Amino acid sequence: MRLLVVVLIFLTAAVKADPHSFSNSDLVSHPHLHLDLTADFAKKQLSGFVELELEWHHPDTRELVLDSRDLTIGRVMGQTSEGSWQLLPYQLGAKQADHGQALIIACQQQYNKVRVYYQTSPNASGLQWLSAEQTTEKQQPFLFSQSQSIHARSWIPLQDTPERRLTFNARIHTPKSLLAVMGADNSANTERDGDYQFKMPQPIPAYLIALAVGDLQFKAMSDRTGVYAEAAWLDKAVAEFADTEQMMQVAGQLYGDYAWGRYDILVLPASFPFGGMENPRLSFITPTVIAGDKSLVSLIAHELAHSWSGNLVTNASWHELWLNEGFTNYVENRIMAAVFGEDRALLERQLAVQELQAELAALDPADTRLVTDYTGRDPDEAFTQVPYVKGMLLLQFLEQRFGREKFDAFLKHYFANFAFQSMNTERFLRYLRQTLLQQPDTVSFGEVLEWLNQPGLASTFVAPESDAFAQVDQQASQWQQSSDLSKLQTQDWSIHQWLHFIHQLSASVRPEQLAALDQKFGLSQSQNAEIASAWFKQAISRNYQQALPHIKTFLLKVGRRKFVVPLYQQLAAMPGGKAMALEIYQQARGGYHPLTQVAVERVLKL
Ligand code: BES
Ligand code: ZN
């Protein structure tokens, strides 16, 4: 056993720190930057400069290596110790798929500041430029950034690694009728004059730098929370997310005071490629969670939870995404339990495990380990249920063995101890051994390592089980055997029970049975995007053809990757489905984010 432990620790440590950055941040880094950019919607281009304040870590270093992707560099300047600016020679390295290219700046001396003048490409992977027609209000264009994992470099040349942190100031110039917001000090009273200034005083990793520009309105929810959205969404969003303040209070009590000042929510157009993105002080959120009944607000709990796990204590590389997402899923579920009750939190855990199990069956076993090696691959591929749900399950395992009280204290100290630092699995393990694992005969180190290093679910996994789903299972099997719809007593079902019902439909369900369900319950027209997408997956794999027009409508409206990619994949796998998938994609493509396009093209093999 001891040998096994040593080997597993070695394996964990052997993965190179951050292979997804070209930067030489161990020799020189930029703890602060200033950004001055103009948004040109006609050209789909940001242009201006970034000024990096440098800290040199080695006396012999004469080179600054930044990350960049599809940027046009105008000129590079360095500020001498006397304060004058000099033009600096620079060179772009070879382009690497999914990684961009190094920007290598030669420095005759260790300059205090370096300025890079540049322009972005209209296809920048981290930006989406929407025409007025592609927004909800259809009056004004919209721009938003999405920097995680390694897309900050497509709109700012910088050291794009979560190993380092920086503070920033920014000045953003836009058309006068639009408002710019950033993951920084937004204010409800900002004058709309096309000239916006921001400060971000807390140090953050580069992937959390965020910008959006649009015809945005603001409405407060409490004195430290509010919503930015296009007018059509504003009131609906404020009603849906009314529990945000309470979520903040609960999380603060459990894990230490909220460290970032305000917490606002930005509702994006439906092409936003994710459910949410935890940009500091301003989570970016898909409108597809505004279901009208708060049934999907665990997503707000999730993005808020990142204010501790991820934004305070940050994964040091994308191999270690579980330290961000697994912890966050755990904290999310605790917030949901405190605000909406333990019953709902249990159902959400159970649904998460169902999604994990489906994905485990499909993934290469090596990618089902919590600590996975993504060297040479696009780190966005790490975005599977494994870091999220398996990571959460490891923490739930520890919570069950040690008890809530001890585990809560452990996590609170973990966030306080490592606040504003990067974390890797090795350091987490060391901390765990020094703290919780000191208690004898509760959890062995080998049990923890099994979760981290072995594929699939650990032998200590205990499946969450609820009565609410057991009832659904019972009714579902009676209906399936009899085709008698009255066996389904759905009037009291929650959205979660519906989701479970749809997930559990067995391979033997016939298309006529699906048609009957659809006719009675209108599932193909569901306004709840989670229900619709789960239903459409079943419809395609059970060959229920009448759903196809609704699937097309959905794919033309929504660009959230998690919904869209599996549907294209399944459509293309259907007999004769490839042509239909391609035809829909051709129509939809222009409205999709570059990241969604890449992912769809991967499954359609374009
Ligand atoms: N940080 C992620 C989004 C992300 C992950 C972007 C990896 C790029 C690479 C965000 O917090 C997230 O996890 N969003 C989920 C929702 C959540 C409730 C599981 C999503 O977008 O579906
Ligand atoms: Zn997350």
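The values are calculated or read from the model by the stated rules, or taken from the named source; none is laboratory data. Nothing here was measured: the structure is a model prediction, and the numbers come from that model. Using ideal geometry, Cβ is built from the backbone for each residue, glycine included, and neighbour counts are taken over all protein chains shown.
Among the residues of the stretch 583-606, those identified as over 24 Å from Thr135 (Cα atoms) and in a helix (DSSP H, G or I) are Arg602, Val603, Leu604.
Can you say whether Leu37 is in a strand (DSSP E or B) and within 30 Å of Ala132 (Cα to Cα), as far as the supplied structure shows? Spelling it out, Leu37 is indeed in a strand (DSSP E or B) and within 30 Å of Ala132 (Cα to Cα). Apart from one condition, Trp498 fits all of (1) under 32 Å from the mean Cα position of the chain (by Cα); (2) not in a helix (DSSP H, G or I); the exception is (2). Looking at Ala210, Ala188, which one is out of contact with any His (no Cβ under 6 Å at 6 or more places or on another chain) and within 22 Å of Ser47 (Cβ to Cβ)? Matching residue, one of Ala210, Ala188: Ala210. Scanning the stretch 530-541 for residues that are surrounded by 22 or more Cβ atoms within 10 Å (Cβ to Cβ), acidic (Asp, Glu) and either at pLDDT below 95 or in a helix (DSSP H, G or I) (or both) turns up at least one hit. Is it fair to say Ser81 is of a type in the set (Ser, Thr, Tyr) and free of Cβ contacts under 8 Å to residues at least 40 places away in the same chain? So Ser81 passes the test. Scanning the stretch 295-341 for residues being part of a strand (DSSP E or B) and either more than 10 Å from ligand 2 (Cβ to nearest atom) or charged (D, E, K, R) (or both) gives a total of 3.
Regarding Leu370, is this residue within 13 Å of ligand 1 (Cβ to nearest atom), surrounded by 19 or more Cβ atoms within 10 Å (Cβ to Cβ) and under 30 Å from Gln597 (Cα atoms)? Full working, then the answer.
Details: within 13 Å of ligand 1 (Cβ to nearest atom): no; surrounded by 19 or more Cβ atoms within 10 Å (Cβ to Cβ): yes; under 30 Å from Gln597 (Cα atoms): yes.
Answer is no for this residue.
Going by the conditions given, is Met277 within 15 Å of ligand 1 (Cβ to nearest atom) and within 20 Å of Leu411 (Cβ to Cβ)? No.
Residue by residue, here is whether (1) within 23 Å of the chain's Cα centre (by Cα); (2) outside the structural domain of Val28 (by TED's automatic domain parsing); (3) among the β-branched types (Val, Ile, Thr) holds:
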site: Leu54; (1), (2), (3): no, no, no
site: Val65; (1), (2), (3): no, no, yes
site: Arg69; (1), (2), (3): yes, no, no
site: Ile73; (1), (2), (3): no, no, yes
site: Gln96; (1), (2), (3): no, no, no
site: Gly126; (1), (2), (3): yes, no, no
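Filtering Lys537, Lys520 for residues that are charged (D, E, K, R) and under 31 Å from the mean Cα position of the chain (by Cα) leaves a single hit, Lys537. Exactly one residue among Ala242, Ala291, Ala259 is within 15 Å of ligand 1 (Cβ to nearest atom), part of a loop (DSSP other than H, G, I, E, B), surrounded by fewer than 22 Cβ atoms within 10 Å (Cβ to Cβ) and not acidic (Asp, Glu), and that residue is Ala291.
Here is a yes/no grid of residues against (1) at pLDDT 95 or above; (2) over 12 Å from Leu282 (Cβ atoms); (3) not basic (Lys, Arg):
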site: Leu166; (1), (2), (3): yes, yes, yes
site: Lys176; (1), (2), (3): yes, yes, no
site: Thr190; (1), (2), (3): yes, yes, yes
site: Tyr207; (1), (2), (3): yes, yes, yes
site: Ala210; (1), (2), (3): yes, no, yes
site: Gln217; (1), (2), (3): yes, yes, yes
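Only one entry in Val443, Val371 is β-branched (Val, Ile, Thr) and either modelled with pLDDT of 95 or more or assigned to a helix (DSSP H, G or I) (or both), namely Val443. In the stretch 294-308, the residue that is nearest to ligand 1 (Cβ to nearest atom) out of those that are of a type outside the set (A, V, I, L, M) and within 13 Å of Trp260 (Cα to Cα) is His306. When Gln527 is tested against (1) buried (at least 19 other Cβ atoms within 10 Å of the Cβ); (2) part of a loop (DSSP other than H, G, I, E, B), only condition (1) is not met.
Does the stretch 391-399 include one or more residues that are farther than 20 Å from Ser459 by Cβ, of a type outside the set (Lys, Arg) and surrounded by 15 or more Cβ atoms within 10 Å (Cβ to Cβ)? Step through it out loud before you land on a result.
So in the stretch 391-399, the residues farther than 20 Å from Ser459 by Cβ come out as none.
No, because not a single residue in the stretch 391-399 is farther than 20 Å from Ser459 by Cβ, of a type outside the set (Lys, Arg) and surrounded by 15 or more Cβ atoms within 10 Å (Cβ to Cβ).
Pairs are defined by a Cβ separation below 7 Å, a sequence spacing of at least 6 or placement on different chains, a first member in the stretch 315-343 that is closer than 14 Å to Leu411 by Cα and of a type in the set (D, E, K, R), and a second member that is near ligand 2 (Cβ under 10 Å from one of its atoms) and part of a helix (DSSP H, G or I); the pairs so defined are Glu332/His302; Glu332/Ala305.
Let's see how each residue does on (1) outside any strand (DSSP E or B); (2) touching a helix residue (DSSP H, G or I) at 6+ places or on another chain (Cβ under 8 Å); (3) of a type outside the set (D, E, K, R); (4) more than 21 Å from Trp308 (Cα to Cα):
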residue	(1), (2), (3), (4)
Ala188	yes, no, yes, yes
Phe198	no, no, yes, yes
Pro203	no, no, yes, no
Gly252	yes, no, yes, no
Ile265	no, yes, yes, no
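Given Ala572, Ala579, Ala547, which one is over 30 Å from Glu342 (Cβ atoms), surrounded by fewer than 18 Cβ atoms within 10 Å (Cβ to Cβ), without any contact (Cβ under 8 Å) to a residue 40 or more places away in the chain and small (Gly, Ala, Ser)? Walk me through it before giving the result.
Values: Ala572 fails: surrounded by fewer than 18 Cβ atoms within 10 Å (Cβ to Cβ); Ala547 fails: surrounded by fewer than 18 Cβ atoms within 10 Å (Cβ to Cβ).
After ruling out the rest, the residue left standing is Ala579.
Collect the residues in the stretch 177-194 that are touching a Lys or Arg at 6+ places or on another chain (Cβ under 8 Å) and surrounded by 13 or more Cβ atoms within 10 Å (Cβ to Cβ), keeping them in residue-number order. Explain how you work it out, then say what you get.
The initial filter retains those residues of the stretch 177-194 that are touching a Lys or Arg at 6+ places or on another chain (Cβ under 8 Å), namely 177-179, 183-186, 192-194.
Matches in the stretch 177-194: Leu178, Leu179, Gly183, Ala184, Asp185, Asn186, Arg192, Gly194.
Would the stretch 401-409 turn up any residue that is more than 24 Å from Ser444 (Cβ to Cβ), assigned to a helix (DSSP H, G or I), of a type in the set (Asp, Glu) and away from ligand 2 (no atom under 16 Å from the Cβ)? Within the stretch 401-409, none of the residues are more than 24 Å from Ser444 (Cβ to Cβ), assigned to a helix (DSSP H, G or I), of a type in the set (Asp, Glu) and away from ligand 2 (no atom under 16 Å from the Cβ). For the stretch 154-170, the candidate set comprises residues that are part of a strand (DSSP E or B) and in contact with a Phe, Trp or Tyr (Cβ under 7 Å, 6 or more places away or on another chain); within that set, the residue that is surrounded by the fewest Cβ atoms within 10 Å (Cβ to Cβ) is Asn169. Being out of contact with any helix residue (DSSP H, G or I) (no Cβ under 7 Å at 6 or more places or on another chain), within 25 Å of Ile150 (Cβ to Cβ) and either more than 16 Å from ligand 2 (Cβ to nearest atom) or not in a helix (DSSP H, G or I) (or both) is the requirement here; does Phe218 meet it? No.
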